[in-house]
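Here is the structure we will look at.
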Amino acid sequence: MSPNLALRRKCLVVSVESPWPAVNGGRARVSNVVEQLAASYDVTVIYPVKAGEPASYAPPGVKQIAVDTATEPRLRDRLSILPRLGIITLRTIAPELKIVMDQLRPDFVYWTHSYIAAVGMKSNRDGLNLVEFANIEGKRSLSLGRSSKRIRNRVSAFSEYLKSLWWEPRCARRASLTISLHHQEAKILQASGAKVVLAQNGFSQHEYFPSSPDSRRILAVGSWTYGPNRSAIESFLEGEWVEILRQAPTMELVIAGSGSEGLLDGRVSKVQQVSALGFVDDLSQIFRDSFCLLAPATSGGGSQLKIAEALSHHRPVIGPAFLAREVSPEMPEGVLIASDDIVSSVIELAQSPSHRHLLERKLLAFVADRTWHRNFLPVRTWLTETLRENRPL
C-alpha cells in the first residue's frame, strides 16, 4: 500500500438503503455523495436490506456492509419522541453499526438522513458527525399529512410533524456539520443554530445535446411508488392531461421510472397518447425526443433530483405552484415554470420553439460548471480544514 493511501482518513456512511443501483432520486443522491467522499477518503457504507437480498454493486474502493432486516414496526416506535423511520432503521443495523464503529474507528460519520442521525449520533458522540438534511422533515411530514386522503396516514404524518418540532432542531445543533440541498432549507437550519453548508444536487454533463424537437412530447420521470408522486400523476392524467389533449390533440406523454408500469391500468388515458416505460437506465434519448419535463408533485419534501436531471439535459420543467420551491437564486429565469395553470403552460411552451430554444441555451451555460464535484466542494473543504486542524467539537 502506498503511503498516501495508508494515510487516508476513514469515513463511515450510514444510509437507509443501498445507494446502488440508483433507481430513484434518493439513491442517486447518496451514490454521488459516496463517489465524492471516496475521492479523498476510505469509505465504508452500511445500510439495511431485506432478509436474503444480495448486496448491490458498489464502486471500486468503496466497502459496503448490508445488514439483513427482520424487524417489524412496533407501536412504541410511534409513541417515541424520536422519528419513527430513524428508530426502525437503526434498530435493524444497530448491533452491526456498533461493531463497525469499534473496529473501523472512523474519522467522521456521514449520516445520509437526519432522522437516522437523530437516533444514531449517540453511537459517535465524541466524533465528527456530518448530517445531510435531504428534507426538513417537519415540513415534509406536514405536507404529506395535508395531502393524504387516508385518515390513518394523516394522523401518522401529523404525529411525526409534532415530534420533529423537538428532535429536528436538536439534531441540527448537535451535528458537527449539517448539509442542506436547498437555499431556503439551509436558512431554516441556520435559524436553529446549526453549522450549515449548501451542497445542491449536481448536474450531469453532456458534451452535445440538441435543441428540443417539435414532436410535442412531454416526459415525466420519477419513482411512482412514492405516494406524493403517484397521486400527483394520477390526478394529472385524469384532469389536466384530458384538457391538454382537447386543446392540442397531437401532444404525447411518456412516463418513465419505477412503478410507472401499472399507472395506466384501467385508465382511458392508456389509449390517449400516453406510454409508461418502467425504469429506464439511460434517459438521454427520451430527453432528446421531449421538449420539457413534467414534475406534477404538489406535496413532499427535499430537492427533486429529476429536476436537476432535466436541467442537465437542457430541458425546462413545468409543474404546479409547488415547483416554485425548487427555484434557486442563480437559476436562469423561466427554466422552472411553476403555475396553477399547467395546461396553458404546457401548450404555450410547445407552441413557442424559439423561446424554448433560448431557455435551452441558457441551461447549457448554467449547468456547465455545476458538477457534483463543484457542488459538493463546500463539504470537502470543511472536512479538509477540520481534519487538518483537529478542531475541538
Next on the checklist: If I filter the stretch 219-228 for residues that are in contact with a strand residue (DSSP E or B) (Cβ under 8 Å, 6 or more places away or on another chain), modelled with pLDDT of 90 or more and within 19 Å of SER141 (Cβ to Cβ), do I get at least one hit?
Outcome noted: no
Checklist outcome for this item: All-but-one check, ALA276 against (1) touching a residue at least 60 places away in the same chain (Cβ under 8 Å); (2) crowded, with 17+ Cβ neighbours inside 10 Å; (3) aliphatic (A, V, I, L, M), failing number (1)
Item to check | Selection count, the stretch 12-56, where residues are touching a Phe, Trp or Tyr at 6+ places or on another chain (Cβ under 9 Å) and of a type in the set (Asp, Glu) | outcome: 2
Checklist entry - Can you tell me which residue in the stretch 242-264 is farthest from ALA350 (Cα to Cα), limited to those that are in a loop (DSSP other than H, G, I, E, B) and in contact (Cβ under 8 Å) with a residue 60 or more places away in the chain? => result SER258
Item to check | Residue that is modelled with the lowest pLDDT [pool: residues in the stretch 67-86 that are of a type outside the set (Ser, Thr, Tyr) and in contact with a Pro (Cβ under 8 Å, 6 or more places away or on another chain)] | outcome: ASP68
Item to check | helices (runs of 4 or more DSSP H) wholly inside the stretch 307-390 that include at least 2 residues being over 24 Å from the mean Cα position of the chain (by Cα) and modelled with pLDDT under 95 | outcome: 353-367, 372-389
Next on the checklist: Which residue is surrounded by the most Cβ atoms within 10 Å (Cβ to Cβ), if the candidates are limited to the stretch 279-294 and must be touching a strand residue (DSSP E or B) at 6+ places or on another chain (Cβ under 9 Å) and outside any loop (DSSP other than H, G, I, E, B)?
Outcome noted: LEU294
Item to check | Residues located in the stretch 3-23, provided they are within 16 Å of the chain's Cα centre (by Cα) and open to solvent by 40 Å² or more (accessible area, probe 1.4 Å) | outcome: GLU17, PRO21, ALA22, VAL23
Checklist entry - Can you tell me which residue in the stretch 166-183 is surrounded by the most Cβ atoms within 10 Å (Cβ to Cβ), limited to those that are over 22 Å from the mean Cα position of the chain (by Cα) and among the charged types (D, E, K, R)? => result ARG174
Next on the checklist: So ALA186 passes all but one of these: (1) of a type in the set (Gly, Ala, Ser); (2) surrounded by 15 or more Cβ atoms within 10 Å (Cβ to Cβ); (3) more than 30 Å from HIS314 (Cα to Cα). Which condition number does it fail?
Outcome noted: (3)
Checklist entry - Any chance the stretch 111-128 includes a residue that's open to solvent by 20 Å² or more (accessible area, probe 1.4 Å), within 19 Å of TYR47 (Cβ to Cβ) and not in a helix (DSSP H, G or I)? => result yes
Checklist entry - When the residues of the stretch 39-60 are filtered to those that are modelled with pLDDT of 90 or more and assigned to a loop (DSSP other than H, G, I, E, B), which remaining residue is most open to solvent (accessible area, probe 1.4 Å)? => result ALA39
Checklist entry - When you go through LEU144, LEU82 one by one, which is the residue that is open to solvent by 10 Å² or more (accessible area, probe 1.4 Å), part of a loop (DSSP other than H, G, I, E, B) and either more than 15 Å from SER15 (Cβ to Cβ) or of a type in the set (Ser, Thr, Tyr) (or both)? => result LEU82
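Residues to consider are LYS163, LYS195, LYS149; find the one that is within 29 Å of SER260 (Cβ to Cβ), touching a residue at least 12 places away in the same chain (Cβ under 8 Å) and either open to solvent by 30 Å² or more (accessible area, probe 1.4 Å) or out of contact with any Lys or Arg (no Cβ under 7 Å at 6 or more places or on another chain) (or both).
Details: LYS163 fails: within 29 Å of SER260 (Cβ to Cβ); LYS195 fails: within 29 Å of SER260 (Cβ to Cβ).
Sole residue among the options that is within 29 Å of SER260 (Cβ to Cβ), touching a residue at least 12 places away in the same chain (Cβ under 8 Å) and either open to solvent by 30 Å² or more (accessible area, probe 1.4 Å) or out of contact with any Lys or Arg (no Cβ under 7 Å at 6 or more places or on another chain) (or both): LYS149.
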Checklist entry - When you go through (1) outside any helix (DSSP H, G or I); (2) surrounded by 13 or more Cβ atoms within 10 Å (Cβ to Cβ); (3) at pLDDT 80 or above one by one for SER31, which number turns out not to apply? => result (1)
Item to check | Given (1) farther than 30 Å from ASN32 by Cα; (2) open to solvent by 20 Å² or more (accessible area, probe 1.4 Å); (3) at pLDDT 90 or above, index of the condition ILE244 fails | outcome: (2)
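The values are calculated or read from the model by the stated rules, or taken from the named source; none is laboratory data. Please read these numbers as outputs of a predicted model, since none were measured by experiment. Reconstructed Cβ throughout: ideal geometry from the backbone, glycine too, with neighbour counts over all protein chains shown. In case anyone asks, the SASA skips ligands and DNA or RNA and just uses the protein heavy atoms, side chains included. Shrake-Rupley method; radii C 1.70, N 1.55, O 1.52, S 1.80 Å.
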